[in-house]
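J.: The structure's right below; bear with me while I get my questions together.
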Amino acid sequence: MRTVKFMLFSGILLIAVSCTKQVDYSQAITDGHYISEAQDRITEVIIHDIFSPPVATRIYTYASLAAYEVAASVDPEYASLLGQLNGSEKVIFTPSEKVYPPLASLAAYYYVGTGLIFSEDMMNEHRDATFAALREKGIPEEVFEASIAFGKEVGDVIKAYSSKDNYHQSRSFPKFTVTGEEGTWQPTPPAYMEAIEPHWSKIRTFVLDSASQFKPLPPPPFSTEKGSEFYNVALEVYNADINATQAQKDIALFWDCNPYKMNVKGHVMFAEKKITPGGHWMSIAAIASKAAGRDWKGTAEVFAMTGISLNEAFISCWDEKYRSNLIRPETYINQHIDEQWVPLLQTPPFPEHTSGHSVASAASAYTLAQLFGDEFHIVDSSEVAYGLPVREYESFSQAAEEAALSRFYGGIHYRPAIEYGITEGRDLAKFIWTKVDTKSKSVASN
């Protein structure tokens, strides 16, 4: 009987010990895989909810900033961006010992990103599936709870910061008025949509002193006279489009990134949902981070800085678009060169000068070059999910130059908008890197 009791006691003790045995979960999250997947889902939601390119970039940036601030709070190598960015205050975050930092960073990304979109269920479903997979890696529930709570703590600060950028106020600003004045922007077929985000220049910048700090050169003086500079830049677009090679058409389609593309079949019109220019470059940021072997902190840094650069690019570009309010090639060519002409790409619904993709691409490429070096082989699979093949580049600047030129091949931008846009984007990105530093002073001085 004693033997039976002893064996029973030993068995219970063994079960208790095994139940309390600690699982090593330190390697559950090491690289940027999980935050990249969360970003992919954000992109899917942005496409589903049809956010404009400037608004989409705002979503990416604040979500990435939240993830980065968790990294900066636990690693002295990284400097917090709070206190460096316009309108932000320095905050000291102190996680408890139970917090698993990479999980907290991921939780912060989900928390802030979900708060900025419409289809919250899509994000929550993805988050819950990801967290379930991480629980299976042995992360204890108490660690989960502490990490999520810390991610929310950081996220609440970022949410409060985002609430003061004038975005919500701008939702009630008056719509853009089409004057019909010669040379000014007019809605374009097939949907003839109203101009989007005419007040985006009033959104608070992260780094720039003002939306107009990097005001680009103006477009050529408007003229309908044959042989004038403006007529010639329009004729150049027309000739380039009708004589485009298949390689040039492939470039145009790869970088289309138009979330407003409408298809017409008979009397039926339906939208074709696509990634935004900012979404394409955030995808390149993820591809580069993976290729370079960046850990979760390094990936969060790449996402945050790329997002900030994109954000400033769209504010600067949109400031010029609604200042110059320039007529699109499609409208001008139909009125003065060939009334039957249709560009390869569908014209997006906002004024022409400068090219948003040119500004955003140049800014992103400069920032990614600071993080990885410009000479970096890129296997860009960003558009595979949308039925387009992979394209490869030997540098970020090469990708940016092709993205900018794609607007010319596609027939939606005059060459000055592209060339001046590249300069605008590169100059503002250079300025960002003189004002903001992600490395702590102690690390930078070594």
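Bear in mind these aren't lab numbers, they're just calculated from the coordinates by the rules spelled out. Fair warning: this is a prediction, and the values are worked out from it, not measured in the lab. Cβ coordinates were reconstructed from backbone atoms using ideal geometry, including for glycine residues, and neighbour counts include every protein chain displayed.
J.: Per 0.36 nm of contour for each residue apart, how much would the distance between Asp49 and Ala129 grow if the chain were fully extended, relative to their Cα-Cα spacing? If you can, show how the numbers build up before the last one.
T.: Numbers: separation 80, 0.36 × 80 = 28.80 nm, distance 2.13 nm.
Extra length available between Asp49 and Ala129 comes to 26.7 nm.
J.: Assuming 0.36 nm per residue, please report the length gained on full extension of the stretch Lys226 to Lys441 beyond their Cα-Cα distance. If you can, show how the numbers build up before the last one.
T.: On the way: separation 215, 0.36 × 215 = 77.40 nm, distance 5.88 nm.
The span from Lys226 to Lys441 would gain 71.5 nm if fully extended.
J.: About the Cα centre of region 110-201, what is the dipole size in debye to 20, counting +1 per Lys and Arg Cβ and -1 per Asp and Glu Cβ, all else neutral?
T.: On the way: 8 positive and 15 negative charges, 30 e Å.
Charge dipole, region 110-201, about its Cα centre: 140 debye, nearest 20.
J.: Under the Karplus relation 6.51 cos²θ - 1.76 cosθ + 1.60, θ = phi - 60°, what is the ordered set of whole-Hz ³J(HN,Hα) values for region 237-247, x standing for Gly and Pro?
T.: 4, 4, 5, 5, 6, 6, 9, 4, 6, 5, 4
J.: Using packing as a proxy for protection, rank 169-178, 114-123 so that the peptide with the highest average count of other Cβ atoms within 10 Å comes first. Show your work: numbers first, answer last.
T.: Details: 169-178: 11.3, 114-123: 17.3.
Highest-to-lowest ranking by the protection proxy: 114-123, 169-178.
J.: Given the options Ala104, Ala404, Ala291, state which has the largest fluctuation in a GNM of the chain using a 10 Å cut-off (strictly under) for Cα springs.
T.: Ala291
J.: Among the aspartates and glutamates, which fall within straight-line cross-link reach of Lys249, defined as a Cα-Cα distance under 19 Å, with same-chain neighbours fewer than 8 residues apart omitted?
T.: Within reach: Glu236, Asp241, Glu272, Glu330, Asp380, Glu383, Glu392, Glu401, Glu402.
J.: Note down the magnitude of the dipole of region 48-107 about its Cα centre, charges +1 on Lys and Arg C-beta and -1 on Asp and Glu C-beta and zero elsewhere, to the nearest 20 debye.
T.: Details: 3 positive and 6 negative charges, 23 e Å.
Its charge dipole is roughly 120 debye.
J.: Ranked by Cβ crowding within 10 angstrom, fewest neighbours first, how are His413, His199, His377, His353 ordered?
T.: Working: His413 29, His199 17, His377 10, His353 26.
By the 10 Å Cβ count, ascending, the order reads His377, His199, His353, His413.
J.: As a check on your grasp of the helix formula, calculate [θ] at 222 nm for the chain: sum -39500 (n - 2.57) over DSSP H runs of n ≥ 4, divide by the residue count, round to the nearest 500. Display every interim value, and only then the final one.
T.: Numbers: 16 runs with 245 residues, N = 446.
That calculation yields -18000 deg cm²/dmol at 222 nm.
J.: Mind checking which lysines have their C-alpha under 25 Å from Lys98, skipping anything on the same chain fewer than 8 residues away?
T.: Hits, sequence-local ones excluded: Lys21, Lys90, Lys137, Lys152, Lys159, Lys297.
J.: Stretched out fully, how many nm does the piece from Glu182 to Phe118 gain, at 0.36 nm a residue minus the Cα gap? Walk me through the intermediate numbers first.
T.: On the way: separation 64, 0.36 × 64 = 23.04 nm, distance 3.85 nm.
That pair, Glu182 and Phe118, stretches by 19.2 nm at full extension.
J.: Within the chain, what percent of beta bridges assigned by DSSP are antiparallel, to the nearest 5?
T.: Details: 10 of 10 bridges.
In the chain, approximately 100 percent of DSSP beta bridges are antiparallel ones.
J.: I need the calculated FRET efficiency for the pair Asp209 and Asp75, taking r as the beta carbon distance and R₀ as 30 Å, to the nearest 0.05.
T.: Working: r = 30 Å, r/R0 = 1.00.
Computed FRET efficiency for Asp209 and Asp75: 0.50.
J.: While we're looking at this one, here's another question. Rank Lys226, Lys164, Lys249 by mean-square fluctuation in a GNM of the chain with C-alpha springs under 10 angstrom and give only the top-ranked residue.
T.: Lys226
J.: Taking the Cβ-Cβ separation of Lys430 and Tyr25 as r and a Förster radius of 41 Å, what is the calculated FRET efficiency to the nearest 0.05?
T.: 0.50
J.: Only counting other Cβ atoms within 10 Å, I'd like Glu153, Glu89 sorted with the fewest neighbours first.
T.: Working: Glu153 19, Glu89 10.
By the 10 Å Cβ count, ascending: Glu89, Glu153.
J.: Tell me, what HN-Hα J-couplings in whole Hz come from the Karplus equation 6.51 cos²θ - 1.76 cosθ + 1.60 at θ = phi - 60° for each residue of region 173-182, using x for Gly and Pro?
T.: In residue order, the calculated couplings are 5, x, 6, 6, 9, 7, 8, x, 5, 4 Hz.
J.: Quick one: compute the contact order of region 28-165, relative version, from alpha carbon pairs under 8 angstrom and 6+ residues apart, as a percent. Walk me through the numbers on the way to the answer.
T.: Details: 150 pairs, mean separation 47.5, N = 138.
Answer for region 28-165 is 34 percent.
J.: If you rank His33, His357 by fewest surrounding Cβ atoms within 10 Å, what's the result? Can you show the working numbers first?
T.: Working: His33 14, His357 34.
Ranked by crowding around the Cβ, least crowded first: His33, His357.
J.: For a quick check, take a GNM of the chain with Cα springs below 10 Å and name the residue from Glu197, Glu272, Glu352 with the largest mean-square fluctuation.
T.: Of Glu197, Glu272, Glu352, the most mobile in the Gaussian network model is Glu272.
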